[in-house]
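Participant: Here you go, one structure.
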Amino acid sequence: MSFSLPDFRRKWSCRGYMSTGAAMVTVGLGLLPVLPTPADARKYAAPLDIFGLGTPRRRAPVHTAKIPLPRQRPEDAPKTSDKGSREAPAAEGKPPAEPAPPPEKQASACRLALTEKIAIAPSIPDIRGPGGCGGEDLVRLEAIVLPDKRKVAVKPAAVLRCTMASAIADWVRTDMVPLAASLGSTISDLDNFDSFECRGRNRIVGAMLSEHGKANALDVRAIKLANGQSIGLTDRTLSREVRERVLHSVCSRFSTVLGPGSDWYHEDHIHLDLAQRRNDYRICQWNVWDPVPQVAPLLPAERPDEAPPREVASKPEMTKDGADDQESAKPADKPVADSGKSKPATKKRR
């Protein structure tokens, strides 16, 4: 087979071009990485995987702990409603069980000491009023039991704290019984003028809460005796000595005593309370006034029965010379006519 020069050149250039292209393809293919097998991919990462996006490496196996499952719900357990509340099983023919009552409040030391041998004072519920009114450990003091088992009625019954009721009972039993015995009688009633009342001091609107609003005060007006006599604590007709004995007894027992002379709100009764103050400060303001002096009566004495009637007493007395009396009774201011001459009128002396 003969080739001409042009043909030879054409074939050579084609072969060179093909060999050059093959070499370039071979070089290009050599730059590409050899793709690993799936088994090798688990051991090695891709060489150009600089962001860690290649096939993840195999991790060590994780051992999971077995969580115990709850026990199966028993068949006799109460059923639950849709809201999650449990309904108690209702027995056939039996009413549902009543809720348990709240636990009873433990009695205070004062309540345990204030027995029926000292006073008739049943406990009452706590009072929660507006503005701090009310209190706890309250009683209704109805009567005070004396050592000889006689009862002194509190009229009307007073709502007080247990400590205040105990102080009142001790005062009557210890101090007032001997005072009544010195007057020849025994105590029958205690006149309660005011006890618990939710109000300010002296009933002034906006004033500080009174001890009456805390059930810690009692207003006493009088103490009545079995013989009918009444010991008015502010009665000026009563003996000054008796009132002073009452004054010393209450001021030694109560932290506040207000009576006549303290203010015009306490002119007809005595205020007693157990208010707590700093340093156990006490207030005793009660002026025992002197008895009212005996003055002359304002009305005249009654007319005695043996006195003559007022009409007869107003007439002039009758004398022996009736003519003279009659003439004296005539008016003397009229002129007397005598022979045409008039004389001045003169009074006749009697």
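Participant: Convex hull volume of the Cα atoms in segment 175-287, per residue, in Å³?
Facilitator: Cα-based convex hull of segment 175-287, divided per residue, equals 103 Å³.
Participant: Need one number for segment 116-239: average projected area of the convex hull over its C-alpha atoms, nm².
Facilitator: 8.2 nm²
Participant: Along the charge dipole of segment 179-303, pointing to its positive end and built from +1/-1 on Cβ of Lys, Arg, Asp and Glu, which listed residue (SER182, HIS212, LEU233) has its Cα farthest out?
Facilitator: Towards the positive end, the residue furthest out is HIS212.
Participant: Work out how much length LEU209 to TYR281 would gain on full extension: take 0.36 nm times their residue separation and subtract the Cα-Cα distance, in nm to one decimal.
Facilitator: 24.1 nm
Where a number appears in this text, it was derived from the coordinates with a stated rule and is not lab data. It should be emphasised that the depicted structure is a prediction, and the values quoted were computed from it without experimental measurement. Here Cβ is always computed from backbone atoms with ideal geometry, including for glycine, and neighbour counts include all displayed protein chains.
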